[in-house]
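Okay, structure first, notes after.
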Amino acid sequence: MLERRISEEEVLEVLNSGDHIENYPMDAPYPSMLMLGFTTTGPLHVVAAKGEGGEFILITTYCPDANKWHSDFKRRKP
């Protein structure tokens, strides 16, 4: 997050109100998911898992590359 200049507030915004766009059920120790949100700086992807207590465990976050994602940032380009 720090290297990519993504704030904790931006990540929390995506986790609280973003769209759940992909599942990674085989991730361990918990299945994870990709979420998409739009912040003041643009689209933001957050990969997180839900722990046993329901808390989010942040795995990574990044600004999606328009060359790799369709314009809605929900679908990968072939």
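Worth a mention:
- For the chain, the longest principal axis of the Cα atoms and the long axis of helix 8-17 meet at an angle of about 80 degrees.
- Placing unit charges on the Cβ atoms of the charged side chains and taking the dipole of the stretch 8-62 about its Cα centre, the candidate lying farthest along the positive direction among A48, G18, A28 is A28.
- Enclosed volume per residue, in Å³, of the convex hull spanned by Cα atoms of the chain: 101
- For peptides 16-27, 44-55, sequence by mean Cβ density within 10 Å, most packed first: 44-55, 16-27
- Calculated mean residue ellipticity at 222 nm for the chain: -4000 deg cm²/dmol, from DSSP H runs with n ≥ 4 weighted as -39500 (n - 2.57), summed, divided by the residue count and rounded to 500.
No value in this document is a laboratory result; all are computed from the given coordinates. Bear in mind the structure is a predicted one, so any value in this text is a computation, not a measurement. Neighbour counts run over all protein chains shown; Cβ positions are idealised from the backbone, glycine included.
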